[in-house]
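Visitor: My questions all concern the structure below.
The values are calculated or read from the model by the stated rules, or taken from the named source; none is laboratory data. Model, not experiment: these values are computed from the prediction. FYI the Cβ positions are ideal-geometry reconstructions off the backbone, even for glycines, and counts take in every protein chain you see. With ligands, DNA and RNA removed, areas are computed over all heavy atoms of the protein, side chains included. Shrake-Rupley method; radii C 1.70, N 1.55, O 1.52, S 1.80 Å.
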Amino acid sequence: MRFSKKSVLVFSIPAFLASFSVAHSATADQLNYESYFRSGIGRNDKGGAQTCFSNPLAGGHNDFRLGNECGAYGELSLRATPVKGAENEPSFAATTMLSFNFPSNTDATSSNVGVVQLFAEGSHLFGKDYGAWIGRRYYRDIDAHMDDFFYYGGVAGEGAGITHVDVGNGTLSVALFLPTLNDATPFSTPPTTVSTSSERGVPQGRYLDLRLSDFALNEKNHLHFWLGFADQSETTITGGTLVGQTLGNFVGYLAGSRYRSDLENGTNDLALVYGKGLLSRLNTGDVVGHTVGDAIGGSSNLRIVDHATFEHETWAMHALALAELRQDFFAKSKKGWYFSAGIRPVYFVTENFHVAVELGHDEAEDDGYQGGKTLRLTRLTIAPEIVAAKKIWSRPALRFFYSTSFWNNDARGLIGTGAYANDTSGNTWGFQGEVWF
């Protein structure tokens with residue numbers, strides 16, 4: 001099925017309204033809605049609109065997001081539970097989530113709206129805590145807020161699965177995703193419309209996900225385990241933008257673990273993940289669409305992350321350290337690495353007034369990109385903010401920010417917009433509102 005920009009919007013609104021229709025027939029305690037959005041305005045030191053500065057080798061996440069989010073983004077989720085059983089009795093629910101993403105000072109259009117979740121699920125099944133789901137969903141584990149990065153268990157797509165199977169110590173969840181080449185990103189913002197057929201029909205990959213969660217070492221320390229396997233079958237493209245090309249036989253796997261420690265004033269998560277082949281990006285975004293001879297066959301990635309949040313009476317701290325060792329990310333027989341570290345201390349001046357400071361540095365190198373140059377970026381942001389309560393994640397937050405970024409000569413022309421093509425530093429200031437509920 002081909003998705004145009006208009007069709008995404010036409011599909012999005014009725015889908016959301018259909019979900020609301022189900023919810024409307026439910027009682028108030030059967031309806032739940034959640035929302036996240038951020039929107040702001042800003043200016044750079046050239047006199048133009050706010051510029052965002054990111055390392056091109058960062059791997060898709062936002063290096064040190066405070067003061068580095070251009071435009072507006074939002075998510076609106078509606079969850080209806082038309083069948084809500086009593087305690088430990090079966091319940092059934094449907095979830096719809098719309099996303100909105102557009103530059104500052106522009107109106108949202110069909111190219112900026114997407115349906116990112118649309119799935120049905122059951123819980124407390126068969127007299128147990130078992131769950132089951134089918135549809136399009138975010139199948140995520142944990143993220144580091146500083147980089148807006150789901151570094152462990154960051155899977156999304158269309159699939160089906162079972163959850164919360166008691167295995168004695170911990171719970172097991174199993175899911176199968178079937179990503180197809182023509183709908184790998186139709187709900188992105190803006191949507192990518194790729195209409196492709198082959199001798200097998202529309203090319204499709206498979207991804208099997210297994211997770212063991214909450215394996216207790218003791219009351220305050222738990223382990224989580226993650227395994228994945230993916231494959232793509234060979235097929236010749238007979239129509240669409242890739243006509244005449246042959247997709248190859250590729251496989252991929254990943255294995256990871258996350259160690260969660262509940263501390264007196266916060267939490268710490270230490271994660272280690274390794275991915276190979278189709279899963280070397282450690283998500284499902286690269287499972288299908290690779291032609292014969294593609295470098296993905298030999299690619300790999302080893303990621304280690306330490307991520308902590310602490311909160312005290314008058315201050316709080318959010319910190320992140322991340323490192324990756326990469327192979328064949330951009331070309332065959334090419335190696336690379338990435339390192340990032342940052343902190344966000346927050347000082348609680350009063351119950352409703354905080355001052356946040358974010359300092360971060362990352363650097364990366366890949367033999368297959370820009371001749372193997374080492375790209376370095378450092379960012380510092382100061383953001384006084386008005387908030388709802390004396391908590392590090394208290395929202396809504398209304399903030400002013402001033403941000404300065406600087407990078408090395410090898411990164412000149414690769415960071416920032418064209419206005420900074422000949423520079424190695426840049427400054428921005430602005431205002432941002434951020435809300436979740």
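Visitor: Inside segment 124-161, can you point out the residues that are among the hydrophobic types (A, V, I, L, M, F, W, C) and within 19 Å of Ala230 (Cβ to Cβ)? Can you show your working first?
Guide: Taking segment 124-161 and keeping what is among the hydrophobic types (A, V, I, L, M, F, W, C), we get 125-126, 132-134, 142, 144, 146, 149-150, 155-156, 160.
Within segment 124-161, Phe150, Val155, Ala156, Ala160 qualify.
Visitor: Name the residues in segment 80-93 that are open to solvent by 60 Å² or more (accessible area, probe 1.4 Å), under 9 Å from Gln30 (Cβ atoms) and out of contact with any Pro (no Cβ under 9 Å at 6 or more places or on another chain), would you?
Guide: Pro82, Lys84
Visitor: Restricting attention to segment 36-51, and to residues there that are among the charged types (D, E, K, R) and surrounded by 15 or more Cβ atoms within 10 Å (Cβ to Cβ), which single residue is nearest to Asp63 (Cα to Cα)?
Guide: That would be Arg38.
Quick grid of which residues meet (1) farther than 23 Å from Thr51 by Cα; (2) touching a Phe, Trp or Tyr at 6+ places or on another chain (Cβ under 6 Å); (3) in a strand (DSSP E or B):
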| position | (1), (2), (3) |
| --- | --- |
| Phe329 | yes, no, no |
| Ser333 | yes, no, no |
| Gly342 | no, yes, yes |
| Val355 | no, yes, yes |
| Glu363 | no, yes, yes |
| Leu380 | no, no, yes |
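Visitor: Somewhere in segment 116-137, is a residue touching a strand residue (DSSP E or B) at 6+ places or on another chain (Cβ under 8 Å), in contact (Cβ under 8 Å) with a residue 60 or more places away in the chain and surrounded by fewer than 20 Cβ atoms within 10 Å (Cβ to Cβ)?
Guide: yes
Visitor: List the pairs whose first member sits in segment 139-167 and is among the aliphatic types (A, V, I, L, M), whose second member is open to solvent by 40 Å² or more (accessible area, probe 1.4 Å) and not in a strand (DSSP E or B), and whose Cβ atoms are under 7 Å apart, counting only residues at least 6 apart or on separate chains?
Guide: Going by the 7 Å Cβ cut-off, the qualifying pairs are Val155/Arg140; Val155/Asn283.
Visitor: Does segment 391-437 hold any residues that are touching a residue at least 12 places away in the same chain (Cβ under 8 Å), more than 27 Å from the chain's Cα centre (by Cα) and open to solvent by 30 Å² or more (accessible area, probe 1.4 Å), and which are they?
Guide: Answer for segment 391-437, where residues must be touching a residue at least 12 places away in the same chain (Cβ under 8 Å), more than 27 Å from the chain's Cα centre (by Cα) and open to solvent by 30 Å² or more (accessible area, probe 1.4 Å): Asn408, Asn409, Asp410, Arg412, Ala419, Thr424, Ser425.
Visitor: Any idea which of Val355, Val305 is under 23 Å from Ala230 (Cβ atoms) and at pLDDT 95 or above?
Guide: Every option except Val305 fails the conditions.
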